[in-house]
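These notes concern the structure reproduced below.
The values are calculated or read from the model by the stated rules, or taken from the named source; none is laboratory data. None of these values were measured; they are calculated from a predicted model. Reconstructed Cβ throughout: ideal geometry from the backbone, glycine too, with neighbour counts over all protein chains shown.
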Amino acid sequence: MSINERNDPLDFKTPSRELVKALAPTGVLRAVINLGNPVLAQGDAFLPTGITVMLAREMAAWMGLQVEFLCVEAARDAYTAMAEGRADVCFLADEPKRREHIAFTPPYVVLEGVYATAPLAPFEDATKVDRAGVTIAVRRGSAYDLYLTRTITEAQIVRAEAETDAYEQHELDVVAGVRQPLTAYASSSGSRILEPPFMRIQQSVGLPKSTADETVGVLADWLEHIKSTLPIRTELDRINAGG
C-alpha cells in the first residue's frame, strides 16, 4: 500500500512526474541493499528483509513504481553499484569518502561504532586504543573502516572481509564494528565491549552524486515523514533501543 493511500493526517504529497524520472530514470526503482549490515537488512538475495528493504518498498510505492533489489554483502559493494550507475538509491552511512559519488539525505537512524577486546586486554576504555603497537580489525570498506582510517594516528588497522575472523585468526588487539552485532559476538566469545563508542554512524539514504539538491531535499522531507509511520517507526524504535 502506498503511503498516499493511508488515512494519515501527515499524508505526503504524490511526487511529480519529473521528480519520479529524476529518482528512477529507468521506470523501476533500483535499490541496492547491503546484507552485510544485519542491523538494517536481513535475509538473502532471494528474500531480503529489514528496515532498508522497507524504506525502498515505501519509496517505490510513493512514486507508483516497482522496486528492484540488488543485494550485496558489503557496504563497499553498495557504494560501487552507485558509482557505476547500477542502482538509483542506497542505504549507507554518510562518510566523506563516499560523497565522491553519492548525495546523502540526513540520517534516518544513527548507530554506534564500538570496539571489542579480550577480557584481560590492557585497555581501560575505547579512548586508550589508538596507540603504537595496537592492531584493530575492521571490515574492509565499512563506515568504521573509513572513519578510523582518517582518525587513527598510532594504531594499525587490519582490514578483512570479516573483521571477527581477522581478530580471532591473527590475534589482533581489538575488533571494531556496529554495536548490536559486535555485542552479540562479544557475548558468545567472552570478549568485552569498550566504552564509549568511538563513532556515531549516520545511516542515510543515498542518491547519485549528480542528483539536484532540490531533489535530495524532497526525498529528505519524504524520509522525515515516512519515519513517523508504522511499521517503519516500530522498526526504527527497535534499532534505536539496541535490539
Residue that is of a type in the set (Asp, Glu) and touching a strand residue (DSSP E or B) at 6+ places or on another chain (Cβ under 8 Å), where the choices are Glu168, Glu214, Glu154, Glu163: Glu163
Criterion: at pLDDT 95 or above, more than 21 Å from Thr234 (Cα to Cα) and out of contact with any Ser or Thr (no Cβ under 8 Å at 6 or more places or on another chain) - qualifying residue of Val20, Val39: Val20
Test: residue in the range 90-106 that is among the hydrophobic types (A, V, I, L, M, F, W, C), in a loop (DSSP other than H, G, I, E, B) and out of contact with any Cys (no Cβ under 6 Å at 6 or more places or on another chain): no
Where His101 falls short, out of the listed (1) of a type outside the set (D, E, K, R); (2) in contact with a Phe, Trp or Tyr (Cβ under 9 Å, 6 or more places away or on another chain); (3) surrounded by fewer than 22 Cβ atoms within 10 Å (Cβ to Cβ); (4) over 30 Å from Ile226 (Cα atoms): (4)
Answer residue from the range 65-82, given it is over 22 Å from Pro15 (Cβ atoms) and either of a type in the set (Phe, Trp, Tyr) or in contact with a Pro (Cβ under 9 Å, 6 or more places away or on another chain) (or both) and is surrounded by the most Cβ atoms within 10 Å (Cβ to Cβ) among those: Tyr79
Given (1) modelled with pLDDT of 95 or more; (2) under 19 Å from the mean Cα position of the chain (by Cα), number of the condition Glu214 does not satisfy: (2)
Strands (runs of 3 or more DSSP E) wholly inside the range 134-243 containing at least 2 residues that are surrounded by fewer than 19 Cβ atoms within 10 Å (Cβ to Cβ): 156-160, 192-208
Condition check for Ala45: assigned by TED's automatic domain parsing to the domain that holds Glu235, hydrophobic (A, V, I, L, M, F, W, C) and crowded, with 22+ Cβ neighbours inside 10 Å: no
Inter-residue pairs, beta-carbon under 7 Å, first over 30 Å from Met59 (Cα atoms) and in the range 184-207, second part of a strand (DSSP E or B) and of a type in the set (Phe, Trp, Tyr), 6+ apart: Leu194/Tyr115; Phe198/Tyr115
Residue among Val67, Val109 that alone is modelled with pLDDT of 95 or more and under 27 Å from Ser188 (Cβ atoms): Val109
Residue in the range 19-39 that is more than 20 Å from Lys209 (Cα to Cα) and part of a strand (DSSP E or B) present: no
Test: residue in the range 93-101 that is outside the structural domain of Gln169 (by TED's automatic domain parsing) and hydrophobic (A, V, I, L, M, F, W, C): yes
Those residues of the range 171-195 which are aliphatic (A, V, I, L, M) and in contact with a strand residue (DSSP E or B) (Cβ under 8 Å, 6 or more places away or on another chain), in sequence order: Leu172, Val174, Val175, Ala176, Val178, Leu182, Ala186, Ile193, Leu194
Cross-chain or 6+ apart pairs with Cβ under 7 Å, the range 142-169 first and outside the structural domain of Ala74 (by TED's automatic domain parsing), then part of a helix (DSSP H, G or I) and crowded, with 19+ Cβ neighbours inside 10 Å: Ser142/Ala75; Ala143/Ala75; Ile157/Leu148; Val158/Ala166; Arg159/Asp145; Ala160/Ala166
